[in-house]
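The values are calculated or read from the model by the stated rules, or taken from the named source; none is laboratory data. Predicted, not measured: the structure shown is a model, and the values here were computed from it. Glycine also receives a Cβ, built like all others from the backbone with ideal geometry; neighbour counts cover every protein chain displayed. Please note that ligands, DNA and RNA were not included when accessible areas were found on the heavy atoms of the full protein model with its side chains. Shrake-Rupley method; radii C 1.70, N 1.55, O 1.52, S 1.80 Å.
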Amino acid sequence: MDLTLNSAVLDVELSGIRRFTFLVRDTPGACALTIGEPDLNTPDAVKEAAKAALDANDTHYPPGNGYPYMLQAISDFEARVHGLHYSPEEIILTIGATESLFLSLSTVLNPGDEVIIPTPAFSLYESITRLCRGVPVALPTEDNAFQIDPEALARAITPKTKAVILTSPNNPTGCIYTQETLDAVHDILKDKPIFVLCDDVYRTLVYTDGYHSFSEYQDMRDRIIVIQSFSKPYAMTGWRLGYCLADAPIRDRMQIFHQYSVVSAPSFVQPACVTALQTDTSGVVEIFRRRRDYVYRRLVEMGLSVQKPEGAFYMFIDIRPFGMDSLAFCEKMLREGLVGLIPGVYFGTEGYMRLSYCYSDEDLKEGLDRIQRFIGTLR
Ligand code: PLP
């Protein structure tokens with residue numbers, strides 16, 4: 001019997017980041033600086049809101065895109081906090097930002113369409129593009145301080161280019177795009193039939209005043225999709241909640257994929273979303289800013305080259321001077337130094353490794369001490 005599976009599924013592997021994370025977890029005595037989620041807990045008020053909804057039997061099918069009160073809360077939040085104006089009819093509450101990314105790419109891509117992904121990048125973009133039978137096109141940024149080089153972007157565009165994915169702050173570098181970069185990208189894209197997916201899931205975790213999102217170019221509103229998540233700012237990764245904002249005609253088609261795949265996000269978590277949006281996250285930002293400063297200082301003192309991140313909770317460390325590929329380096333460091341970081345190759349960029357500072361001060365100190373000892377053995 002010839003049981004041929006969908007070739008798109010056969011061509012995509014399970015996440016290398018997850019595989020390496022499990023390898024670190026299963027290495028006795030290893031200190032992990034791998035994980036991309038806050039080590040904090042969901043705020044109590046958010047949990048209480050979900051518990052109260054359960055007690056009130058809010059356990060039936062909700063409207064597909066989300067309860068109207070909850071969509072209104074997102075609409076108000078985006079207008080008040082980010083200056084973005086999307087009506088409740090232009091929002092879908094999704095199963096994490098991951099589903100929003102899936103809906104976006106499934107809605108805009110036809111087979112063979114190209115998606116430009118500035119690298120290093122969150123590996124999900126490449127995998128989802130392939131699952132949607134699109135073609136990922138990497139746009140390396142490491143030689144340009146992780147900013148997009150406008151000329152390289154212009155060269156990467158072909159008649160098949162359908163979308164560009166912009167992530168700011170970025171996973172894995174923590175860099176944010178400068179106004180100059182955003183303006184240059186806008187100049188190139190403004191008259192082209194190309195969608196821009198703004199993955200802004202880390203925009204609450206920014207440590208500088210100069211943050212701007214590409215979503216501000218509302219002259220391109222018909223081609224912009226904003227991806228958001230409750231995971232990172234409110235320590236809600238396990239709740240699997242996110243949302244997307246898109247011009248009504250696009251959002252109307254995105255809901256087709258949403259309806260036929262998940263129907264809706266769960267009912268009783270939606271009051272919790274509203275409470276989360278009212279949460280003051282400034283304390284969380286301060287915690288991560290302090291950790292960033294500590295980790296950055298330690299790495300620089302070790303003589304490692306790293307760009308100081310302006311957002312998120314990652315550092316992308318240059319390991320090219322050690323003359324090993326990133327997987328070999330990280331495996332050796334795990335085996336011999338008992339400290340785990342994620343190889344840069346899993347973000348599409350060789351010669352780097354990603355450190356996450358979603359760890360306690362003690363764990364960070366221990367992990368950095370181990371990195372220091374390990375690189376001492378190589379020098
Ligand atoms: N986008 C980026 C840049 C991420 O780093 C992540 C998770 O690490 C996601 C999207 C997915 O987030 P969610 O947990 O909301 O699916």
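Observations on the model:
- Of all residues in region 186-226, exactly one satisfies the criterion of being surrounded by fewer than 19 Cβ atoms within 10 Å (Cβ to Cβ), closer than 19 Å to Ser87 by Cα and of a type in the set (S, T, N, Q), namely Gln218.
- Failed item, numbered, when Arg291 is tested on (1) in a helix (DSSP H, G or I); (2) open to solvent by 20 Å² or more (accessible area, probe 1.4 Å); (3) touching an Asp or Glu at 6+ places or on another chain (Cβ under 8 Å): (2)
- Restricting the first member to region 23-52 and to residues that are at pLDDT 95 or above, and the second to residues that are of a type in the set (Asp, Glu), the beta-carbon pairs closer than 6 Å and six or more apart or on different chains are Cys31/Glu366.
- Matching residues, region 122-177, being among the aliphatic types (A, V, I, L, M) and within 12 Å of the ligand (Cβ to nearest atom): Leu124, Ile128, Ile165, Leu166
- Out of Arg289, Arg320, one residue alone is out of contact with any strand residue (DSSP E or B) (no Cβ under 9 Å at 6 or more places or on another chain) and touching a residue at least 12 places away in the same chain (Cβ under 8 Å). It is Arg289.
So that you can scan it fast, the table gives a plain yes or no per residue for (1) within 16 Å of the ligand (Cβ to nearest atom); (2) more than 24 Å from Pro266 (Cβ to Cβ):
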| position | (1), (2) |
| --- | --- |
| Asn6 | no, yes |
| Val9 | no, yes |
| Thr21 | yes, yes |
| Pro38 | yes, no |
| Pro68 | no, no |
| Ile74 | yes, no |
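- Selection over region 227-283 of residues that are closer than 17 Å to Ser75 by Cβ, touching a helix residue (DSSP H, G or I) at 6+ places or on another chain (Cβ under 6 Å) and either surrounded by fewer than 22 Cβ atoms within 10 Å (Cβ to Cβ) or of a type in the set (D, E, K, R) (or both) gives a count of 6.
- First in region 237-248 and assigned to a helix (DSSP H, G or I), second anywhere and within 11 Å of the ligand (Cβ to nearest atom), Cβ under 7 Å, 6 or more apart: Thr237/Glu37; Thr237/Ser231; Trp239/Phe230
Per-residue answers, yes or no, for (1) surrounded by fewer than 22 Cβ atoms within 10 Å (Cβ to Cβ); (2) among the aliphatic types (A, V, I, L, M); (3) touching a Cys at 6+ places or on another chain (Cβ under 6 Å):
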| site | (1), (2), (3) |
| --- | --- |
| Leu304 | yes, yes, no |
| Asp318 | yes, no, no |
| Met324 | yes, yes, no |
| Phe329 | no, no, no |
| Arg335 | yes, no, no |
| Tyr352 | no, no, no |
| Ser360 | yes, no, no |
